[in-house]
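One structure is given below, encoded as structure tokens.
The values are calculated or read from the model by the stated rules, or taken from the named source; none is laboratory data. Just so we're clear, the structure is a prediction, and the values are computed from it rather than from any experiment. No Cβ is skipped: glycine too gets one built from the backbone with ideal geometry, and neighbour counts run over all protein chains shown.
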Amino acid sequence: MVDASAGTGPLGHLRTYGQIAWLWIRAAWQYPTSFVLLAVGNGLITGLDFIGLWIMFAHLDTLAGFALHEVALLYGSASLALALADTAIGSVERIGAYIRTGRLDQMMTKPVPLLVQVCADQFTLRRLGRLTQAAAVFGWACSYVDWTPARVLVAVSMIVSGALVFFGLFVGFSCIQFWTTDATELANAFTYGGATVTQYPLNIFPREVLVGLTFVVPVAFVNWYPCLFLLGRPDPTGMPDALQLASPLAGVLTTAAALLVWRTGVRRYTSTGS
């Protein structure tokens, strides 16, 4: 059972989230064969993305000046950050369905923060396949990095900050459904679409696109700028070198903005009336 008295601070909310997620994990594990097959299938399907990159490099020496292991570092870090956020809070995408069916009304009557309930609802570990595949590619690419203490710190902060950026995008764009009740595809364009874009060197796009991915939808901070630091490369687009260390700030600001949008959406919500 979920302990509603777990506390009202961040640690208490995290504990409540863990309790709800554990209930769903136990339920899914009642069918272990299905669980394993879904996890393996998820990993194999997402792995096709990198196989496509590998095949492409069979005909190319570099992509916009980046070798295969450098693109793999971009791919692995972006995919890993997305997989962490998607595994933890991917259920928030269903907010539109919860509104239409009245399930959100039920959640609001419980003494547990609404966002915690929505994020933990129907928690599933089958996304571990994607997480494992991304970690494997990232680990392989990391073997080519000339590691220093500063680069280790930037690499760790890159994964954490990248997950925070995707957390903010998942929550923020899912909140549009408070007004439209059905905008899942729009949200996916910025979450999964953002992850796909950042799997490639961003200098293949016009500079205007890079500026938008930096200051409007800040997915460039998920991996592009910190990976340039890890690889010891100057920014080929001429952007300031300081941006290579700004991923933590981008993660915090994106998350804060998403939480503000969430509070606005919840206050605007007037129930289904059913």
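Observations on the structure shown:
- Cβ pairs under 6 Å, 6+ apart, first in the range 105-133 and under 17 Å from residue 94 (Cα atoms) and of a type in the set (Gly, Ala, Ser), second modelled with pLDDT of 85 or more and crowded, with 16+ Cβ neighbours inside 10 Å: 120/17; 120/20
- Set 116, 71, 40, 112: member being surrounded by 13 or more Cβ atoms within 10 Å (Cβ to Cβ) and outside any helix (DSSP H, G or I): 112
- For the condition buried (at least 22 other Cβ atoms within 10 Å of the Cβ), in contact with a Phe, Trp or Tyr (Cβ under 6 Å, 6 or more places away or on another chain) and closer than 16 Å to residue 91 by Cβ, residue 173 qualifies.
- Taking each residue of the range 51-68 that is under 19 Å from residue 138 (Cα atoms) and looking for partners that are assigned to a strand (DSSP E or B) with beta-carbon atoms closer than 9 Å, six or more apart or interchain, yields 53/63; 56/63; 57/63.
- Residue tally, condition over 26 Å from residue 90 (Cα atoms), surrounded by 15 or more Cβ atoms within 10 Å (Cβ to Cβ) and among the small types (Gly, Ala, Ser), over the range 134-159: 1
- Residue satisfying all of: in the range 102-131; at pLDDT 85 or above and of a type in the set (S, T, N, Q); nearest to residue 74 (Cα to Cα) among these: 117
- Residue within the range 55-66 that is surrounded by 20 or more Cβ atoms within 10 Å (Cβ to Cβ) and within 27 Å of residue 223 (Cα to Cα) present: yes
- Qualifying residue in the range 124-141 (condition: over 30 Å from residue 37 (Cβ atoms) and not acidic (Asp, Glu)): no
- Boolean, residue 104 is over 30 Å from residue 237 (Cβ atoms), hydrophobic (A, V, I, L, M, F, W, C) and either crowded, with 16+ Cβ neighbours inside 10 Å or in contact with a helix residue (DSSP H, G or I) (Cβ under 7 Å, 6 or more places away or on another chain) (or both): yes
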